[in-house]
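Encoded as structure tokens, the structure appears first; notes follow it.
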Amino acid sequence: MVKKKKRKTTRDRWSSHWIFLFAAIGSAVGIGNVWRFPYLAGKYGGGAFLIPYLIVLFLLGIPILILEYALGRRMQRGAVGAFGKINSKLKGVGVNAVFVGFIVCAYYSVVMAWSLIYFLHSFRVSWAPNPKEFFFTNVLEISSNIRFLDGINWIIFAALIAVWVLIYFCVWKGTKSVGKVVMITMPLPVLLIIVMAIRGITLPGSLEGILFYLTPNFRALFDIQVWNAAISQIFFTLSIAFGIMIAYASFNAEMQIKKDAWIIAVINSAISLIAGFAVFATLGFMAARQGLPVSEIAAAGPSLAFIAFPQALSLMPFAALFSLIFFITLISLAIDSAFSLVESVSTVFSDKFKKLSKPWIAAGVCFVGFLTGIIFTTRAGMYFLDLVDHFVTNYGLVLVGVAECVVIGWFYGAPRLRRYINRDADWKLGKWWDFSIKYLCPAVLLYLVIAQFVVDVTENYGGYPDWAIWIGWLVVLAPIAVSVVISLWPGKR
Ligand code: TRP
């Protein structure tokens, strides 16, 4: 690695602004849009979920996304360095973000591994008669409950290795390789999802599914759980509170912060909404055929996309070919999200240890990511995934969000950052943003975390046993503990 002394010239740069946009959209758009969004929408009652989702997007998601872009761009550092520049005691916020993101990445790559397995089964569309059975019995070989690990499922294990090798080769050259990969991995899957949505809508019975998806339920607005699900999904899908967007923005020499944030957020959610059409139209069809209400099939949880999409695919003309393309693009869709995280973790380390070479850092990050994911490759992996996802997104991500708002709103100064954002900006950011960052976001987020906490201490999430719930809390507390230690560690930043 050639490193020059002046920081300005050594920092990686996107080769153009377009590449940054593609990479940021690539990070945002992922299996989260295709897998997580529809499953939450299904779980929380379709239309009941959409309104909170959209409100949270505009009220909290976009302002915090703007905050992260501005911070990264302003400080020219990854998450840890950026907060450290404000005050070295605040490094912990960045550490926490990256750590939480890392945990997400560990199970996210397992979902990618499932997709890879589906890819291999696409040649014969093996799931055709019974996609649900196929997923649980043939792919997951799922155990009867979380108490029984029943050993590692070696096929998923092998697929996971393959996924991490793929991720590694996407990142090992930093922004150069990322820039090239995203030019393909971003647009192609989007096209396919649109085609799938069209196919879904033309199936008999699809209307029922779509009505379930779109009919609002105003009573659900009083349900804290729905709001929490919406918040966690917005954070997840926009890749905020992972340190990713801070790192990506820091590779920019120039950027239109507000405009870029809007473009990225709107495109990202549009893709989720379209994926929702594909999933729920297909669910309508399945429900009609099995004579069940849509809501029953829709409540499948994290397995939803792996039932609905394969079903839709098996009904496509040239099903095998279509499935092959679909799953390979699903993986490519996910890969830019996953490597954005590896990038963000590596950026933290290479900011800190300037002597280590980037490819080595990336290799280390990928290896540890793989090791962490092994628990999800056991036959009880799906239960752990559900559990860890619940705790990490509802607490980990949201608390990082609160911390970011508090740091900028109360220490750094929201107006100060806004003035920076508005320098040379095409779209000026109004004063409402200061209010949002200083009061609205932290208050709403805190309220929801506390409300969720009350729910989670009174009943065990998902009916899992106590020891499993403790694992959930551990996943929340470990990153916090580590970041507190690092923040308070004596020495210069
Ligand atoms: N935004 C991604 C999606 O919707 C998910 C994501 C965000 C992610 N950050 C990540 C995945 C970090 C892996 C690692 O799919």
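What the table below lists for this structure:
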{"read-out": "Degrees, to the nearest 10: 187-201 long Cα axis against longest axis of the chain", "value": "30"}
{"read-out": "Where the chain is the region considered: accessible area per residue in Å², 1.4 Å probe", "value": "40"}
{"read-out": "Cα-based equivalent ellipsoid of the stretch 96-166: semi-axis lengths in Å, sorted from largest, via gyration tensor", "value": "24, 17, 11"}
{"read-out": "Karplus (6.51, -1.76, 1.60) ³J(HN,Hα), θ = phi - 60°, over the stretch 62-72, in Hz, Gly and Pro reported as x", "value": "5, x, 6, 4, 4, 4, 5, 4, 4, 5, x"}
{"read-out": "Most to least packed among 30-42, 64-76 [average Cβ atoms within 10 Å]", "value": "30-42, 64-76"}
{"read-out": "Anisotropy class of the stretch 322-413 from Cα gyration tensor, a/c 1.5 cut", "value": "oblate"}
{"read-out": "Where N is the number of residues in the stretch 383-476, Cα Rg divided by 2.2 N^0.38 Å", "value": "1.42"}
{"read-out": "Unit charges on C-beta of K, R, D, E only; dipole of the chain, Debye", "value": "2760"}
{"read-out": "Proximal charge balance of Val485 [Cβ under 14 Å; K/R count +1, D/E count -1]", "value": "+2"}
{"read-out": "Gain upon complete extension [Ile198, Val484; 0.36 nm per residue less C-alpha separation]", "value": "98.0 nm"}
{"read-out": "Interchain or long-range residues, amide H under 5 Å from Ile240's placed H", "value": "none"}
{"read-out": "Whole-Hz couplings from phi, Karplus 6.51/-1.76/1.60, listed for the stretch 400-407; x for Gly and Pro", "value": "4, x, 4, 4, 4, 5, 5, 4"}
{"read-out": "Accessible carbon and sulfur surface of the stretch 17-486 relative to its total accessible area, %, 1.4 Å", "value": "71"}
{"read-out": "Approximate shape of the stretch 344-394 as ellipsoid semi-axes (Cα gyration tensor, √5λ), whole Å, largest first", "value": "29, 14, 5"}
{"read-out": "Mean separation of Cα contacts under 8 Å, 6 or more apart, over the residue count of the chain: relative contact order %", "value": "33"}
{"read-out": "Angle in degrees between helix 224-238 and the longest Cα principal axis of the chain, rounded to the nearest 10", "value": "70"}
{"read-out": "In degrees, nearest ten, helix 154-171 long axis to first principal axis of the chain (Cα)", "value": "40"}
{"read-out": "Computed over the stretch 186-273, Kirkwood Rh from alpha-carbon pairs, angstrom", "value": "16.1"}
{"read-out": "Alpha-carbon radius of gyration plus Dmax, which is the widest Cα pair, for the chain in Å", "value": "21.5, 69"}
{"read-out": "Under 5 Å, built H, 5+ apart or other chain: amide partners of Thr378", "value": "Asn153"}
{"read-out": "In Hz, Karplus ³J(HN,Hα) per residue of the stretch 208-222 (6.51, -1.76, 1.60; θ = phi - 60°; x = Gly, Pro)", "value": "4, x, 5, 5, 4, 6, 9, 5, x, 10, 6, 5, 5, 5, 8"}
{"read-out": "Estimated Rh, the stretch 1-159: Kirkwood, alpha-carbon pairs, angstrom", "value": "19.8"}
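The values are calculated or read from the model by the stated rules, or taken from the named source; none is laboratory data. Treat the numbers as computed from the prediction; the structure is a model and nothing was measured. A quick note on method: Cβ atoms are made from the backbone with ideal geometry, for glycine too, and the neighbour counts reach across all protein chains shown. Note: areas computed on protein heavy atoms with side chains; ligands, DNA, RNA excluded. Shrake-Rupley method; radii C 1.70, N 1.55, O 1.52, S 1.80 Å.
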